[in-house]
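Enquirer: My questions all concern the structure below.
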Amino acid sequence: MYEMPYNNPFKKSFFDLKELVDSIQENLLCPATIEDTNHRLHAYSSHEDDTDSARIGTIISQRVPERVINRLWKEGVIPKLMKSDSALRIPHIEDIGLRDRVAIAIRKNNEILGYIWVVEGGKKLTDAQLDLLKDAAAAATPLMSKLHQNRKRKEENYQDFLWKLLTGQYKTLEEIHDKFDELNLKKPDRFTVLAFRFDQSITRKMEEQISYLITTSQKITNHFLVVMEEELILIASPHPSQSDDKAFEDFIAFFISEMANRFSISGVKGSAGTSYSDFVKVETSYQEAQKVLKMKDFFPEELEDVFHFRQLGIFRYMEKLQKDLRTERYEHPAIAKLEAYDNQHKSNLLKTLEVFIQQDSNMNDAAKKLFVHTNTLHYRIKRISEIGGIRMTNVHEKMGIYLDLKARKLGNK
C-alpha cells in the first residue's frame, strides 16, 4: 500500500523541467514526459526497454506522432484533459502503440500551458499518487510559463520582419539574410506563402487552436505566422516527411476540415502561392495566394477543389480579360443570340453551354451536372450550335466563349 510521503516532493521549486520529470519518475515509479500545448516534447525521464512505441516515437521526433494525436482527439481524450483539473486515466489503445496512461494538464489560471503524461505499469497509481501528480503539474506551471513568455517575445520580434517580407519592403537578398541572422532564424531552402480567410475575426483562443493544428499536423514546416483580423498567413515548407508541393494542398484541406471537426469553426478558405527559393519573392507568393482566395470568392463552384495558384488555370487571367472586355465594350455575338433566345423562350441554353464546356464537352458528365438525360442534352447542344452559330467541335471557339462567359460573370459581381 502506497503511503503519502511526509514531505511532498513537489512542494518546492525546480531548476528545470528535466529535474521535475525525473522527480515524477522517482516518486511515482513510472516513466513520464512533459509536453507543451502543441504536444512538442520538452522533457522526459528514462524508461525500461519494453516501453511502448508511442513513447519511443515521441522521444525520437521530439513531438507526439500525428496518428497518436488524431486518435486521442477521436477518442475524446484531449478535450477531457483540457476541461479537467485532475489527472485522468487513458486506457491503452493498441493499434497506435499506446499503453495505459495517466495525464494531467499544466495550467496557469484558465490557460493550458502543457501536459504531463505518465506510463502506468502493472500496478496502477493510487488516489494519493494521482494527487501527487496534480502537485507536479502545479510545480511545472512556472517553468512552462517562462517557456511560453519566451516564445511570445520571439513571435513579437519577427512579426515586423514578416510584414516587411509580405509587402516587398526588402529589395535585396543581403538585407533579408542579415535579418535572418539577427533574429537567429534558419532560412529554409524553399518556401510557400499560405493564406487562410475566416468568416469571423480570429480571437486569441482561435489563435491557440490554429497553432495547435499547424504544429501537430506534421504535414508542413511553418517558419512564420501572422494573424490579422480574419486572415491567417503562413510562410512554410513541406514537412521533411512530405515530398513536394502536394503537402500544401493536403495541409490546407486538413486544416479546413479539422478547424470544423475539432473546434466547430467552419467557413474557412485556404490557398497557396508558388514555391520559391528567393526570399525577395515572398510578396509574389503572397499575392498569388490572395489571388486564389479572390477567385474562389467569385467562382466558388468552379474552384471548390482549387487551393494552389498553379491550379487556377484560365482563372489567373480572368480579371485582365474582364477589364479588356469592359474597355472595348465587346459582347460575343453567340452569347447575345443565346441570351435573347433564353429570354424569349424561358429556356437555359446559355447555362447549358457553359456547363457543357466546363465539363470538357463530356455529354454524360454535363448531363449529370444539369440533371437532364443525355438525349435532352444532345438536342440542346444541337440547338445551341444552330442559334449561336457555334462550331461545337472547335476547341478554340468554345474556349473563347467560355472565357467571355466567366469574365462577364466577374463583371456582374
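Enquirer: Determine the dipole magnitude for the range 13-140: charges of +1 sit on the beta-carbon of Lys and Arg, -1 on that of Asp and Glu, nothing else is charged, the reference point is the Cα centre, and the result goes in debye to the nearest 20.
Expert: Values: 17 positive and 21 negative charges, 102 e Å.
Dipole about the Cα centre, nearest 20: 480 debye.
Enquirer: Putting +1 on Lys and Arg Cβ atoms and -1 on Asp and Glu Cβ atoms, find which of A128, V102, S145 reaches farthest to the positive end of the dipole of the range 82-152.
Expert: With unit charges placed on the Cβ atoms, the residue in question is S145.
Enquirer: In a shell of Cβ-Cβ distance under 13 Å around S201, excluding S201 itself, what net charge do Lys and Arg (+1) and Asp and Glu (-1) give?
Expert: Charge balance near S201 sits at -2.
Enquirer: I need the calculated FRET efficiency for the pair S53 and A253, taking r as the beta carbon distance and R₀ as 35 Å, to the nearest 0.05.
Expert: 0.80
Enquirer: If you take the square roots of the eigenvalues of the alpha-carbon gyration tensor of the range 343-413 and sort them as a ≥ b ≥ c, do you get rounded (a/c under 1.5), prolate (a/b over b/c) or oblate?
Expert: rounded
Enquirer: Could you put E249, E94 in order of accessible surface area, largest first, with the 1.4 Å probe and the full protein assembly present?
Expert: Values: E249 30, E94 150 Å².
Of E249, E94, the descending order of accessible area is E94, E249.
Enquirer: Okay, next question. Write out the trypsin sites (Lys or Arg not before Pro) in the range 291-371 meeting two conditions: DSSP loop, and at most 16 other Cβ atoms within 10 Å of their Cβ.
Expert: R329, K346
Enquirer: I'd like the per residue volume of the convex hull spanned by the Cα atoms of the range 185-288, given in cubic angstrom. It would help to have the intermediate numbers written out before the result.
Expert: On the way: hull volume 10.2 nm³, N = 104.
Convex hull of Cα atoms, per residue: 98 Å³.
Enquirer: Could you tell me how many degrees, from 0 to 90 and to the nearest 10, lie between the Cα long axis of helix 374-388 and the main elongation axis, the longest principal axis, of the Cα atoms of the chain?
Expert: Between the helix axis and the principal axis of the chain, the angle is about 50 degrees.
Enquirer: Greater than 26 Å separation of Cα atoms is the criterion. Which listed pairs, K83/K134; K12/K186; K246/K291, meet it?
Expert: K12/K186
Enquirer: Which of [x] -0.26, -0.46, -0.83; [y] -0.38, -0.61, -0.91; [z] -0.30, -0.53, -0.96 is the computed log10 I(q)/I(0) by the Debye sum over Cα atoms at q = 0.06, 0.08, 0.11 Å⁻¹ for the structure on display?
Expert: So the calculated entry is the one marked [y].
Enquirer: Under 8 Å for C-alpha pairs, at least 6 residues apart: give me the relative contact order for the range 1-147, rounded to a whole percent. Don't skip to the answer; put the middle values down first.
Expert: Values: 232 pairs, mean separation 38.6, N = 147.
Relative contact order, the range 1-147: 26 percent.
Enquirer: May I pose another question? Note down the nm distance, to one decimal, between modelled labels 7 Å out along Cα→Cβ at N348 and at S46.
Expert: It is 7.4 nm.
Enquirer: Still on this structure, please answer the following. List the lysines whose alpha-carbon lies under 27 Å from that of K346, not counting same-chain residues fewer than 8 positions away?
Expert: Within the straight-line limit of under 27 Å, K346 reaches these lysines: K337, K368, K369, K382, K398, K406, K409, K413.
Enquirer: May I ask for the percentage of alpha-carbon pairs in the range 1-152 that lie more than 21 Å from each other?
Expert: The proportion of pairs with Cα distances above 21 Å equals 39 percent.
Enquirer: When Lys and Arg each count +1 and Asp and Glu each count -1, what net charge do the other residues less than 12 Å away from E19, Cβ to Cβ, add up to?
Expert: Charge balance near E19 sits at -1.
Enquirer: Working from the alpha-carbon coordinates of the range 64-200, get Rg over Rh, Rh being the Kirkwood radius.
Expert: Reported Rg/Rh (Cα atoms, Kirkwood Rh): 1.12.
Enquirer: Can you give the accessible area of D127 in Å² (nearest 10), computed on protein heavy atoms with a 1.4 Å probe?
Expert: 120
Enquirer: Next question, about the same structure. I want the local charge near R63. Using Cβ-Cβ distances under 11 Å, sum +1 for each Lys or Arg and -1 for each Asp or Glu among the other residues.
Expert: Values: positive: R40; negative: E35, D36, E66.
Summing Lys and Arg as +1 and Asp and Glu as -1 gives -2.
Enquirer: Considering only Cα-Cα distances, which of the following residue pairs are longer than 31 Å: K187/K320; K123/K205; K219/K294?
Expert: K187/K320; K123/K205
Enquirer: In whole percent, how big is the carbon plus sulfur part of the accessible area of the chain, probe 1.4 Å, protein atoms only? Before the final figure, lay out the partial values.
Expert: Numbers: 10530 of 21800 Å².
Reported share for carbon and sulfur atoms: 48 percent.
The values are calculated or read from the model by the stated rules, or taken from the named source; none is laboratory data. Treat the numbers as computed from the prediction; the structure is a model and nothing was measured. Note that we place each Cβ from the backbone using ideal geometry, even for glycine, and neighbour counts take in every protein chain shown. Just the protein is used for accessible areas: all its heavy atoms, side chains included, with ligands, DNA and RNA removed. Shrake-Rupley method; radii C 1.70, N 1.55, O 1.52, S 1.80 Å.
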